[in-house]
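The next block holds one structure in the form of structure tokens; read it before the comments.
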């Protein structure tokens, strides 16, 4: 999932970015309100963590602009002000949730997971053949076998499972897992796919991860010429 963190305090933004990346999110940073709008014009984000107090343009204005432009990303507002009126203003501007500084990193991650679930189907489980992935618990099963994955392996598998049967290019996969510098990561995708195959496919008869030469990868229970 792609996340935009809009925060002008470098220590806070770098802390949040590192924590989100460890959980498998692809994260971009914006320091000002105007920079946030620029990012949102060129990148489709799933989640936006948006501080209210920003240079050039405050977070409330940014949130209103994003919603007026039809941006569907889930928005979590951050603020140091904890009054009912402040929360109401933020939610009325189009925010989906509200978190007061200083905040617990565990709570931030939990709220983002909850927002992500709202944008998905009612079930939290993705399935292809006998492979299942629970986006709530991050548990992956192949039949009755538990599959242990790293954060990046999990993120790539989730990306493939959300669009079963569709060929995803290396760049598309990289952009969903790393940040905006995904061009530098596209070759790394091949390494992670090999790791996934060892865990997801090699111990089983039916192969699910398929290479489409010159195009990319797809996840399907249908055989494919590789």
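At-a-glance table
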quantity	calculated
Shape category assigned to region 68-120 from the gyration tensor of Cα positions, a/c cut at 1.5	oblate
Rounded tilt (10° steps) of 105-118 against the dominant C-alpha axis of the chain	70 degrees
Region 21-63-region 122-159 distance, computed between alpha-carbon centres (Å)	29 Å
Separation of the residue 222 and residue 15 label points, Cα + 7 Å toward Cβ, nm	5.0 nm
Helical contribution to [θ] at 222 nm, DSSP H n ≥ 4, -39,500 (n - 2.57), averaged over the chain, rounded to 500	-12000 deg cm²/dmol
More than 22 Å apart - percent of Cα-Cα pairs taken over region 125-219	21 percent
Region 77-160: translational diffusion in µm²/s, Stokes-Einstein, Kirkwood Rh over Cα pairs, 4 °C, 1.567 mPa s	86 µm²/s
Residue 167-residue 80 FRET efficiency (beta carbon distance; Förster radius 30 Å; 0.05 resolution)	0.05
On Cα atoms only, tilt of 151-161 relative to the major axis of the chain in degrees	70 degrees
Using alpha-carbon coordinates, inclination of helix 33-42 to the longest axis of the chain, degrees	30 degrees
Region 2-118 shape via C-alpha gyration tensor axes, a/c threshold 1.5	rounded
Full-stretch length increase - residue 198, residue 44 - with 0.36 nm per residue and alpha-carbon distance subtracted	52.3 nm
Computed over the chain, Kirkwood Rh from alpha-carbon pairs, angstrom	18.6 Å
Contour excess over end-to-end distance, with Cα ends at residue 23 and residue 101 and 0.36 nm allotted per residue	26.0 nm
Bridge type composition, the chain - antiparallel percent by DSSP, nearest 5	45 percent
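Every read-out reported here was derived from the displayed coordinates using simple, explicitly stated rules and does not represent laboratory data. In this text the structure is predicted, and so the values were computed from the model without any measurement. Please note: Cβ atoms are built from the backbone with ideal geometry, for glycine as well, and neighbour counts cover all protein chains shown.
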